[in-house]
1. Rounded to the nearest 0.05, what FRET efficiency do residue B:15 and residue A:13 give with R0 = 51 Å and r taken as the Cβ-Cβ distance? Could you check?
2. From other protein chains only, count the Cβ atoms within 10 Å of every residue's Cβ in A:89-97, then give the mean.
3. Using 1/(1 + (r/R0)^6) with R0 = 56 angstrom and r between the beta carbons of residue B:139 and residue A:273, what's the FRET efficiency to the nearest 0.05?
4. Skipping prolines and chain starts, which residues have an amide H placed within reach, meaning under 5 Å, of the one on residue B:109, given they are 5 or more residues away or on another chain?
5. For peptide B:224-234, what's the mean number of Cβ atoms from other chains within 10 Å of each residue's Cβ?
6. May I ask you to derive the FRET efficiency for residue B:281 and residue B:185 from their Cβ-Cβ distance with R0 = 30 Å, giving the value to the nearest 0.05?
7. Compute the distance from the alpha-carbon center of the stretch A:203-230 to that of the stretch A:76-94, in whole Å.
8. Would you calculate the separation in nanometres between label points at residue A:35 and residue B:23, each defined as 7 Å from the Cα along the Cα-to-beta-carbon direction?
There are 2 protein chains.
Amino acid sequence: MAAKLKSSKRTFDLQEFLERSTASVNAALDRFLPTEKTKPATIHKAMRYSLFAGGKRMRPALVLASAQACGGRDADALPMACAVECIHTYSLVHDDLPAMDNDDLRRGQPTAHKKYDEATAILAGDGLLTFAFDILARDDTHPDPAVRGELILALARGAGLGGMVGGQMLDLAAEGRFDNGKRQSLDEQGVATLQAMKTGALLRFGSFAGGILARADAGKRAALDRYGDIVGKAFQIADDLLDVEGDTATLGKAAGKDAEAGKATLVAVLGIDKAKARLKSLVDEAEAALKPFGAKAAVLAEAARFVAERKA
Amino acid sequence: MAAKLKSSKRTFDLQEFLERSTASVNAALDRFLPTEKTKPATIHKAMRYSLFAGGKRMRPALVLASAQACGGRDADALPMACAVECIHTYSLVHDDLPAMDNDDLRRGQPTAHKKYDEATAILAGDGLLTFAFDILARDDTHPDPAVRGELILALARGAGLGGMVGGQMLDLAAEGRFDNGKRQSLDEQGVATLQAMKTGALLRFGSFAGGILARADAGKRAALDRYGDIVGKAFQIADDLLDVEGDTATLGKAAGKDAEAGKATLVAVLGIDKAKARLKSLVDEAEAALKPFGAKAAVLAEAARFVAERKA
């Protein structure tokens, strides 16, 4: 998180916002999650191990920033921010499993199934996924049950078959994990669809959630949805560039792994230069999408830049 | 499902109810689930493969029967019935995985990871779990969003850490899967807790859900909760007895597997005769719990007997 922001348009310190939002999300997650002493202890330890492994809390930050853009308060958006992080963490735990991406390291630490074991990792993931909906269905998440219902439906869609889970399935197929190892070669559109589902859907949901929470009008919701779509794309291109150009120590995970695994990325399809140009124009598009919010969207605008320029 | 009912108190044909409810639940699941042609196709095929593998639809039947007892209509309870079956099926898919119970057969057919592969089975389970909440959050599941919220919260609790997921974790621990293979020897209370969480919680939820759907009063809800608790216990003892006394062909899975795995069961703790006596008295207790519903609870009463006396 040491990435320095260089934008001349910067009107405030995004780093400070991220530090503050990470601190409040971590504190809220700690309050929500059962303690490590809760029985059975091992699964609760494993859930907390993965949840507090130093994630960047990007999705929760988008929830808080989008709520802010719509005039909502951080405190009211915290349960939603925690729920989306539970979903994100479960997806990492399951994706790292030997039967999936078979990763030993995550953020420089042993992955859940390495630290514990496969059965615990599977169940800890299931537990986190289920717990996200537990958080959202509670009365104190929002006084209006219709708003809670809308959040739950949008999260289930973003995390589910038409979103994250479906995207991971497409990713494994592209890597040649099915059909007797035959890699599915994807064109630019195919890669874009895969990424929009696998990582885009949850970032898009995070950006949209603040609008649901604050009961924003249709115009603002459409703007947030467009912004979230753009940020999802930018996030993925930045991620792919980091895999090509970053080094393992800074990333906390093996660099060059995507290329090695024959992963479908836009960087592989477009080349590095075109990918960087695309990234730049996406940041501009994100800023344009935020017009209806005026100055209230300053955090969201900086967040798009941060996502594109991050170094880890 | 060939178990004959012998109760003299039988006032209707439970078998007929079960056949009808299974048919309508299957038709509703088919409507809810994305088709096999939905991309990515493999995960949708895998979800349907496991979902339509001939399950007994016990939990959906309890949802429909409890709604009926509270004066609700079957059609209004169908989304909830489908959601609980999605949760049940996902738990079977994940429990069967090599890292968990490592089962090759389920209902006489290859388990999901045998038919497809481990990655697909993990993701199909995640997809089904997420989809259950997708179904429940929809407007047409219940016109009152507060009722939908209550259903979601209760399902998340029954399926989560304090319920099914936590119970599976306890089960693996009891089998000596952690702590360097040291089996945790459980006393009667320990076994009861494990089973109440692992299988009881979802059956209990199914029995309770009809009360939420029909906005039953506190007295009726308490009665349904008590009934569900009893049915959960009866279900598990019957299951354990079948593992000891049943044969592999009728069960569609390996008999004697629990004993072999050193699984904690009440039959192992109490012995066969005492377990059978306990089962008998549970059926009477279930009937007593249903008093507030009068004749409307006829299906629920027969269901308790069916659960206890089933032969597969």
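1. On the way: r = 69 Å, r/R0 = 1.36.
Rounded to the nearest 0.05, the efficiency is 0.15.
2. Across the residues of A:89-97, the mean count of other-chain Cβ atoms within 10 Å is 2.
3. Rounded to the nearest 0.05, the efficiency is 0.70.
4. none
5. Whole-number average of other-chain Cβ neighbours for B:224-234 is 0.
6. Efficiency for this residue pair is about 0.70.
7. 17
8. 5.5
Since every read-out is calculated from the coordinates, none of them should be taken as a lab result. For clarity, every value in this text was computed on a predicted model and none was experimentally measured. So basically every Cβ, Gly included, is an ideal-geometry build from the backbone, and we count neighbours across all protein chains shown.
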